[in-house]
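Asks: Quick one: this structure, given as structure tokens, is what I'll be asking you about.
The values are calculated or read from the model by the stated rules, or taken from the named source; none is laboratory data. Because the structure is predicted, anything quoted here is derived from the model rather than measured. A quick note on method: Cβ atoms are made from the backbone with ideal geometry, for glycine too, and the neighbour counts reach across all protein chains shown.
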Amino acid sequence: MPDGALPVLDVKDLKTVFRTRGGEVHAVNNVSFHLQPGELLGVVGESGSGKSVTMMSLIGLLPQPPADIRGGQVMLGDIDLRTAPAEVLRGVRGKRIGFVFQDPMTSLNPVFTVGSQIMEPLRLHMGMTKAQATERAVELLELVGIPDARKRLKSYPHQFSGGMRQRVMIAIALACDPEVLIADEPTTALDVTIQAQILELVKDLRKKLGMAIIWITHDLGVIAGIADRVMVMYGGQVVEQAPVKDLFARPQHPYTRALLKTVPHLTGARQARLQVIEGQPPILTAHPTACAFRARCTHRFERCDAENPLRRPVGHGHDVACHWVVNAEVAHA
Amino acid sequence: MITFILRRLLLAIPTLLFISLMIFLIVDLAPGSPASQIPLTVPPEVKAKILEQMGVNDPMPVRYALWLRQFFIVEPAYWIDSLFGTTLSEGQQRIVSWQFRGPVMDVILERIPQTLMVVGSAYLVGVLIALPIGIYSAYRQYSAFDQVGSFVAMLGFSVPTFFTGVLISYIFAIKLGWFPTVYDTTLKVTDWESFVKQLRQMAMPVMVLALANAATISRFMRSSMLENMTQDYVRTARAKGLSERTVVLKHVLRNSLISVVTVIAIGIPSIFGGAIVTENIFKVNGIGSALINAINVSDLPMVQTIVFIFAILVVLFNLIADVLYGLLDPRIRYD
Ligand SMILES: Nc1ncnc2c1ncn2[C@@H]1O[C@H](COP(=O)(O)OP(=O)(O)OP(=O)(O)O)[C@@H](O)[C@H]1O
Ligand SMILES: [Mg+2]
């Protein structure tokens, strides 16, 4: 992954708000990140931290209303997806950006054959004839490791197991050779052995096809195994971002540190008990004017209540949004 | 699938036998006697003889057994005879109406076309207008169209047909004089002119029943669409870059139709139920008015037979609905 190359995806200050009966929910607050060609970016953060909403906002997959994308820029090459007209966005979805969702049991349409669902984007975006699309669909199913591919095209989703369905979802997402694959907790709904198989598959496909991947997960173990770079989200913001080795070796943000402590270690001394992060996730009713993590932070001081920290570089490709960390750096210097 | 249908048909036999017994018991409890239909001038001993001949005084089980035999053996045999020129039913007594002194089945078969013509086309019209309205209301939920649709649908199923029927009849037939007040059963469509006449006399009853049917079905279509619209596979379809039109009219609609088609099929026998009220208001000489008349004059064989035919239709269309369900939903397998 050449460091200097232009990013495939460059997101700046993305802001998404839900208008609900109980008021506004500020789900994504000025999120910025970029994705290099061929890179695997892991996204972690607890439930409700805005991981899914961020990714769905990128390509207009959230129903508006209730969602309202208030600002930001989402550059895919030289198109700004946020301001692009609907047809342009549709042309990007499924073609240049593929999506895999969490629950393979419900993400496929139960009344259409698997083949027709794979062929849909091929016919739409690539203008393939039925025969061409069929051939490509067979190829795709073989690629994602489904045996007897040609026969299975005529099967319905319920005739596949969960793991097989997730393979089909991956085949659909990869059908048009996208530059970016966004996988939103693609293995959470599967058992551990199947999870491992899917992970292997994705690693393998990445080697073969070379697309960039955004991989959302709760599982830091998975991240350690496959990601190049990691982005940690909290309260609808990116609080820390670093190359994977750097993040595990030198986590900076108090939340990241706490998160890493919650991972059980198989090796080394047996921990007395599994750590949990004390406190409740923040309630996102307004745009944050203070640090979102302050209520649960052990390093809180006056500035944390007065000002929402911005991300600052603390190392090569490593940045963090925390007043205390920057303070600590300064103190050390 | 075939074995499923056969099994269901076999199971339907005890069900229908039980229903027929129930109908017989209930109808038998009803007050009134066919004797009251015989003019008072007829001497009592003649009257008694007539009733004797009609079998009115036979005990209930005897009459039930006779009716069963007539319905399941004699009537089919009679039809086979008239189709193939055989003589299976020779010398056998068919079910006889106490009021007409003629076979019940002849009356029913004469009335059914009238009912199908009016009530059947009302159902068809109702379905045809309900589906697009339901689909569009869901597609544009809370739009002006949806709000108006909800309001009209609310009227449609909260105001009973005997009220809308009388109201429409009053406005369009009596005040405006656009349509005839009485349905002419003897009208035969032979040319353009009589065709228009037929359309005009059908207009009001069809309007009333279609409104009622469309109300329920469009609401059902709408809620089925909305339910499917929030499913995960819809998000997948959007993530593929499909247009909203394709997402809704292909992915969502195809799933929504599974339950809607089932409801439509199950609703078909209710055509005949709806006929009872509407036919009487608009004086359509169909199966519904035949039933009401038979009840009025205590023509028990007629009542029992018509009600039992309704029961058969209900059972039959439930089976059809199940079969359609299986055809539309690949997840259902009948074996
Ligand atoms: N349709 C909606 N209406 C209102 N609020 C919403 C809606 N969808 C999401 N949110 C809110 O947005 C916030 C972020 O949700 P999001 O689904 O992105 O979390 P997540 O990080 O993906 O969590 P998980 O790990 O559980 O998937 C949550 O607080 C959630 O309540
Ligand atoms: Mg999520």
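Asks: Can A:GLY77 be described as out of contact with any Phe, Trp or Tyr (no Cβ under 9 Å at 6 or more places or on another chain), at pLDDT below 90 and within 13 Å of another protein chain (Cβ to nearest Cβ)?
Replies: Values: out of contact with any Phe, Trp or Tyr (no Cβ under 9 Å at 6 or more places or on another chain): yes; at pLDDT below 90: yes; within 13 Å of another protein chain (Cβ to nearest Cβ): no.
No: the conditions fail for A:GLY77.
Asks: Would you be able to tell me the number of residues in the range A:32-58 that are away from every other protein chain (no Cβ under 14 Å), of a type in the set (A, V, I, L, M) and within 14 Å of ligand 2 (Cβ to nearest atom)? Give the steps one after another, and end with the answer.
Replies: In the first step, residues of the range A:32-58 are kept if they are away from every other protein chain (no Cβ under 14 Å); the result is A:32-51, A:54.
If we keep only those that are of a type in the set (A, V, I, L, M) as well, we get A:35, A:40-41, A:43-44.
This time we only want the ones that are within 14 Å of ligand 2 (Cβ to nearest atom), so: A:43-44.
Matching residues across the range A:32-58 total 2.
Asks: Can you name the residue in the range A:206-217 that is more than 12 Å from ligand 2 (Cβ to nearest atom) and either buried (at least 19 other Cβ atoms within 10 Å of the Cβ) or among the polar types (S, T, N, Q) (or both) and is also farthest from A:SER52 (Cα to Cα) among such residues?
Replies: Residues of the range A:206-217 that are more than 12 Å from ligand 2 (Cβ to nearest atom), as a first pass: A:206-215.
Next, from what is left, pick out any that are either buried (at least 19 other Cβ atoms within 10 Å of the Cβ) or among the polar types (S, T, N, Q) (or both): A:211-215.
Details: A:MET211: 20, A:ALA212: 18, A:ILE213: 14, A:ILE214: 11, A:TRP215: 11 Å.
Across the range A:206-217, the extreme among qualifying residues is A:MET211.
Asks: Out of the range B:238-253, which residues are of a type in the set (A, V, I, L, M) and at the interface with another protein chain (Cβ under 7 Å from one of its Cβ atoms)?
Replies: At the first step, the residues of the range B:238-253 found to be of a type in the set (A, V, I, L, M) are B:239, B:242, B:247-249, B:252-253.
Answer for the range B:238-253, where residues must be of a type in the set (A, V, I, L, M) and at the interface with another protein chain (Cβ under 7 Å from one of its Cβ atoms): B:ALA239, B:LEU242.
Asks: Six or more apart or on different chains, Cβ under 9 Å: which pairs go from a residue in the range B:98-123 that's closer than 14 Å to B:VAL208 by Cβ to one that's among the hydroxyl-bearing types (Ser, Thr, Tyr)? Could you list them?
Replies: As it stands, the answer is B:VAL118/B:TYR183; B:VAL118/B:THR278; B:VAL119/B:THR278; B:ALA122/B:THR278; B:TYR123/B:SER270, since those pairs meet every condition given.
Asks: Which of the following residues is surrounded by fewer than 16 Cβ atoms within 10 Å (Cβ to Cβ) and within 30 Å of A:ILE97 (Cα to Cα): B:GLU244, B:GLU193? Show your work before the answer.
Replies: Numbers: B:GLU193 fails: within 30 Å of A:ILE97 (Cα to Cα).
Answer to the check: B:GLU244.
Asks: Could you please let me know if A:ILE69 is in contact with a Pro (Cβ under 6 Å, 6 or more places away or on another chain) and either more than 14 Å from ligand 1 (Cβ to nearest atom) or farther than 30 Å from A:ILE194 by Cβ (or both)?
Replies: Details: in contact with a Pro (Cβ under 6 Å, 6 or more places away or on another chain): no; either more than 14 Å from ligand 1 (Cβ to nearest atom) or farther than 30 Å from A:ILE194 by Cβ (or both): yes.
When the stated conditions are applied, A:ILE69 does not pass them.
Asks: Given the criteria in contact with a Gly (Cβ under 9 Å, 6 or more places away or on another chain), more than 14 Å from chain B (Cβ to nearest Cβ) and assigned to a strand (DSSP E or B), does A:THR16 qualify? Break it down stepwise before answering.
Replies: Values: in contact with a Gly (Cβ under 9 Å, 6 or more places away or on another chain): yes; more than 14 Å from chain B (Cβ to nearest Cβ): yes; assigned to a strand (DSSP E or B): yes.
So A:THR16 fits the description; yes.
Asks: Run A:VAL17 past the list (1) away from ligand 2 (no atom under 16 Å from the Cβ); (2) under 16 Å from the mean Cα position of the chain (by Cα); (3) not hydroxyl-bearing (Ser, Thr, Tyr) and report the number of the one that doesn't hold.
Replies: Tallying (1) away from ligand 2 (no atom under 16 Å from the Cβ); (2) under 16 Å from the mean Cα position of the chain (by Cα); (3) not hydroxyl-bearing (Ser, Thr, Tyr), A:VAL17 fails exactly one: (2).
Asks: Collect the residues in the range B:63-78 that are surrounded by 14 or more Cβ atoms within 10 Å (Cβ to Cβ) and of a type outside the set (S, T, N, Q), keeping them in residue-number order.
Replies: Pass one, the range B:63-78, residues surrounded by 14 or more Cβ atoms within 10 Å (Cβ to Cβ): B:63-64, B:66-72, B:74-75, B:77-78.
B:ARG63, B:TYR64, B:LEU66, B:TRP67, B:LEU68, B:ARG69, B:PHE71, B:PHE72, B:VAL74, B:GLU75, B:ALA77, B:TYR78, listed by residue number.
Asks: Continuing with this model, one more query. Scan the range A:41-67 for residues that are in the same structural domain as A:ASP246 (by TED's automatic domain parsing), part of a strand (DSSP E or B) and among the aliphatic types (A, V, I, L, M) and report the count.
Replies: 3
Asks: State the number of residues belonging to the range A:236-253 that are more than 18 Å from A:PRO313 (Cβ to Cβ) and surrounded by fewer than 24 Cβ atoms within 10 Å (Cβ to Cβ). Before you say what the answer is, go through the steps one by one.
Replies: So in the range A:236-253, the residues more than 18 Å from A:PRO313 (Cβ to Cβ) come out as A:236, A:248.
Checking which are surrounded by fewer than 24 Cβ atoms within 10 Å (Cβ to Cβ) leaves us with A:248.
Going through the range A:236-253 one residue at a time, the tally reaches 1.
Asks: From (1) more than 16 Å from ligand 2 (Cβ to nearest atom); (2) modelled with pLDDT of 85 or more, pick out the condition that doesn't hold for A:VAL238.
Replies: Failing condition for A:VAL238: (1).
Asks: Checking the conditions here, which among A:PRO264, A:PRO243 is at pLDDT 85 or above and either more than 16 Å from ligand 2 (Cβ to nearest atom) or not assigned by TED's automatic domain parsing to the domain that holds A:PRO104 (or both)?
Replies: On the way: A:PRO264 fails: at pLDDT 85 or above.
Selected residue: A:PRO243, the only one of A:PRO264, A:PRO243 that is at pLDDT 85 or above and either more than 16 Å from ligand 2 (Cβ to nearest atom) or not assigned by TED's automatic domain parsing to the domain that holds A:PRO104 (or both).
Asks: Being over 12 Å from B:ALA138 (Cβ atoms) and buried (at least 20 other Cβ atoms within 10 Å of the Cβ) is the filter here, so list the residues in the range B:210-233 that pass it.
Replies: Here is the first cut: in the range B:210-233, the residues over 12 Å from B:ALA138 (Cβ atoms) are B:210-217, B:231-233.
Selection gives B:ALA210, B:LEU211, B:ALA212, B:ASN213, B:ALA214, B:ALA215, B:ILE217, B:TYR233.
Asks: Regarding A:ALA67, is this residue more than 9 Å from every other protein chain (Cβ to nearest Cβ), of a type in the set (Gly, Ala, Ser), touching a Phe, Trp or Tyr at 6+ places or on another chain (Cβ under 8 Å) and farther than 29 Å from B:ILE258 by Cβ?
Replies: Working: more than 9 Å from every other protein chain (Cβ to nearest Cβ): yes; of a type in the set (Gly, Ala, Ser): yes; touching a Phe, Trp or Tyr at 6+ places or on another chain (Cβ under 8 Å): yes; farther than 29 Å from B:ILE258 by Cβ: yes.
So A:ALA67 fits the description; yes.
Asks: Conditions: (1) more than 16 Å from ligand 2 (Cβ to nearest atom); (2) farther than 16 Å from A:VAL232 by Cα. A:VAL25 meets all but one. Number of the miss?
Replies: All conditions are met except number (1).
Asks: Further, regarding this structure: Filter the range A:72-104 down to the residues that are closer than 30 Å to A:GLY162 by Cβ, over 16 Å from the mean Cα position of the chain (by Cα) and within 16 Å of ligand 1 (Cβ to nearest atom) and list them by number.
Replies: Of everything in the range A:72-104, just one residue is closer than 30 Å to A:GLY162 by Cβ, over 16 Å from the mean Cα position of the chain (by Cα) and within 16 Å of ligand 1 (Cβ to nearest atom), namely A:PRO104.
Asks: Let me ask another. For the range A:64-78, what are the residues that are closer than 27 Å to B:TYR139 by Cβ and in contact with a helix residue (DSSP H, G or I) (Cβ under 9 Å, 6 or more places away or on another chain)? Walk me through it before giving the result.
Replies: The initial filter retains those residues of the range A:64-78 that are closer than 27 Å to B:TYR139 by Cβ, namely A:64-70.
Selection gives A:ALA67, A:ILE69.
Asks: From the list A:SER155, A:SER107, which one is surrounded by 17 or more Cβ atoms within 10 Å (Cβ to Cβ) and within 16 Å of ligand 2 (Cβ to nearest atom)? Steps first, answer last, please.
Replies: On the way: A:SER155 fails: within 16 Å of ligand 2 (Cβ to nearest atom).
Sole residue among the options that is surrounded by 17 or more Cβ atoms within 10 Å (Cβ to Cβ) and within 16 Å of ligand 2 (Cβ to nearest atom): A:SER107.
Asks: When you check B:PRO76 against the structure, is it under 33 Å from the mean Cα position of the chain (by Cα), closer than 17 Å to B:THR305 by Cβ and free of Cβ contacts under 8 Å to residues at least 12 places away in the same chain, yes or no?
Replies: Numbers: under 33 Å from the mean Cα position of the chain (by Cα): yes; closer than 17 Å to B:THR305 by Cβ: yes; free of Cβ contacts under 8 Å to residues at least 12 places away in the same chain: yes.
Taking the combined requirement at face value, the residue satisfies it.
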